[in-house]
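Participant: First the structure, then my questions, so here it is.
Readers should treat all values here as calculations from the given coordinates under stated rules, not as data from a laboratory. Given the structure is predicted, the values throughout are model-derived calculations rather than measurements. Using ideal geometry, Cβ is built from the backbone for each residue, glycine included, and neighbour counts are taken over all protein chains shown.
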Amino acid sequence: MVNELKILKFPDPRLRTVASKVTKFDKSLEILANDMLELMYKENGIGLAATQVNHHIRLITIDISEERDSPMIFVNPEFEIINEDSHLSFEEGCLSVPGFNEEITRPDNIKLKWQDIKGEEHEDMPSGLLTVCIQHEIDHLEGKLMVDYVSPIKRERIKKKLTKMYAK
């Protein structure tokens with residue numbers, strides 16, 4: 001890993017930073033994306049947003065393959081919901097909220113637009129786990145966390161448990 005990245009953990013306020021659009025497609029962007037993939041694999045995650053490693057740009061990495069050999073990099077990803085009535089529920093985890101999983105319902109039919117690492121534009125209609133993962137990571141770029149989908153009481157309990165765990 002070229003840059004030693006560390007995953008920010010909830011309730012770190014930097015996780016609430018809204019990421020800026022990437023305008024410079026250079027070697028440093030490619031290095032960051034590759035370092036993020038390496039960290040994501042090391043931590044057994046299936047997705048990682050640049051915000052989670054204290055780089056507040058619109059960049060996410062994902063690999064949902066069982067073999068862990070199909071890395072995807074999305075720069076400036078954005079989506080629109082195609083069908084408001086179609087939803088998926090998944091038990092989601094998060095590298096920034098370790099040890100907690102939560103059943104979260106998200107739109108199933110989205111149209112995704114993004115740029116690749118070279119700046120080329122793409123469009124797709126992902127499905128299943130990929131759709132869920134993309135939305136989860138885009139939430140990070142907006143300063144939103146999976147704990148925002150639970151009740152305030154449960155969120156506070158998670159915050160206290162994690163804060164106590166970090167203090168050890």
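Participant: Using mean Cβ contacts within 10 Å as the protection proxy, how do 47-54, 143-150, 72-79, 86-93 order, highest first?
Facilitator: The densest-packed peptide leads the list: 47-54, 72-79, 143-150, 86-93.
Participant: Then there's this: Across region 1-40, what fraction of all alpha-carbon pairs, as a whole percent, falls in each successive 10 Å bin from zero upward?
Facilitator: Bin by bin from 0 Å, the calculated values are 25, 43, 31, 1.
Participant: While we're here: I need the semi-axes of the equivalent ellipsoid of the chain: take the C-alpha gyration tensor, multiply each eigenvalue by 5, square-root it, list largest first in whole angstrom.
Facilitator: Equivalent-ellipsoid dimensions as semi-axes: 24, 21, 14 Å.
Participant: At 7 Å along the Cα-to-beta-carbon direction for both S20 and K164, put a label point, then send me their distance in nm to one decimal.
Facilitator: Distance between the two pseudo-spin positions: 4.0 nm.
Participant: On to the next question. How would you rank 109-119, 33-43, highest first, on the average number of other Cβ atoms within 10 Å across their residues?
Facilitator: So the order, starting with the most tightly packed, is 33-43, 109-119.
Participant: Residues with beta-carbon under 12 Å from that of I110, excluding I110: net charge, scoring Lys, Arg +1 and Asp, Glu -1?
Facilitator: Summing Lys/Arg as +1 and Asp/Glu as -1 gives -3.
Participant: Between E30 and E78, what is the FRET efficiency for a Förster distance of 22 Å, r being their Cβ-Cβ separation, to the nearest 0.05?
Facilitator: Taking R0 as 22 Å, the efficiency between E30 and E78 is 0.55.
Participant: Continuing with the same structure: Quote the FRET efficiency, to the nearest 0.05, computed for D12 versus H122 with a Förster distance R0 of 30 Å and r equal to the Cβ-Cβ distance.
Facilitator: 0.45
Participant: While we're looking at this one, here's another question. Taking the alpha-carbon distance from K159 and a cut-off under 25 Å, which lysines remain once sequence neighbours fewer than 8 residues away in the same chain are dropped?
Facilitator: Answer for K159, where 25 Å is the Cα cut-off: K6, K9, K42, K144, K168, listed by chain and number.
Participant: When the helices in the chain are scored as -39500 (n - 2.57) per DSSP H run of 4 or longer and the sum is shared across all residues, what 222 nm value do you end up with, to the nearest 500 deg cm²/dmol?
Facilitator: -9000 deg cm²/dmol
Participant: Which residues does a label at H87 reach in region 101-115, if reach means a backbone N under 13 Å from a point 7 Å past the Cα toward the Cβ?
Facilitator: So the set is 103-109.
Participant: Below 8 Å, C-alpha to C-alpha, sequence gap of six or more: please give me the relative contact order for the chain in percent.
Facilitator: Normalised by residue count, the contact order of the chain is 24 percent.
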